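First up is the structure itself, then whatever we jot down about it.
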Amino acid sequence: MREPGGEIPPGYSPSRNLPKEIKTILANCLAHGWRRFVETAENFPEECGYVLKLLGDVYKNDAVAKKRGIEGAVRLHFHQERSGPLMQNLHAWMQAQFAERKVEPNSSLGEAIRYMLKHWKALTLFLRKAGAPLDNNLVERALKRAIQHRKNSLFYKTDQGARVGDLYMGLIHTCELNGVDPFDYLTRLQENAKPVRSRPRQWLPWNHPRDPARPPPG
């Protein structure tokens, strides 16, 4: 993770291709660990159910923090107090599975546990670093959208058409990130073309009212 925010997925070298003066903090995506247990839950329902319940409670805590608008150091303390014990219990349970030989290390469950233990420090950065996210899902969704747009771009006839498509993709995704309905937003831009031209900053997606019943910004 680069200061002050951002996240690096598993397998990526944080120092690769980055200037030496940029400090990096490695953060792994907790959702990647989650998925490994989901994928093997059919074969180990009881064990995976226990892990997924604990991780689910951690995500519930994060959802509560977001709903309350808790950020920074306050969010960090919130997770340390509520999610810290859950993650400690999970770590102890996973270690016990191998120590007590309850799980074969080369089984799908064993591999899921080994992945979590190997990346534990980076997976739990949100318990030590203010602002560290639980996962990288937001960035991954954004990358998938760009890849999808690249495929669709094969059908543009002109460079200008491609530029317009890029513009709309950026606007639509920015609307979604800000909880704004893209169709409603683009419709309002068309209906208020003159005010948009005179005061464009006030019509950016994050200044657009989330409730369509509210008047346009500015």
Pick from region 60-107, criterion surrounded by fewer than 18 Cβ atoms within 10 Å (Cβ to Cβ) and of a type in the set (Lys, Arg), ranking: nearest to residue 124 (Cα to Cα): 82
If the Cβ limit is 6 Å and pairs must be 6+ apart or interchain, which residue in region 38-64 that is under 18 Å from residue 135 (Cβ atoms) and not assigned by TED's automatic domain parsing to the domain that holds residue 80 pairs with which residue that is among the charged types (D, E, K, R) and assigned to a helix (DSSP H, G or I)? none
In region 175-195, is there at least one residue being farther than 24 Å from residue 72 by Cβ, out of contact with any Pro (no Cβ under 9 Å at 6 or more places or on another chain) and surrounded by 14 or more Cβ atoms within 10 Å (Cβ to Cβ)? yes
Do we find that residue 113 is of a type in the set (Val, Ile, Thr) and either in the same structural domain as residue 46 (by TED's automatic domain parsing) or modelled with pLDDT of 95 or more (or both) in this structure? yes
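The values are calculated or read from the model by the stated rules, or taken from the named source; none is laboratory data. In this text, all values refer to a predicted model and were calculated from it rather than measured experimentally. For neighbour counting, all protein chains shown are included, and Cβ atoms are generated from backbone atoms with ideal geometry for every residue, glycine included.
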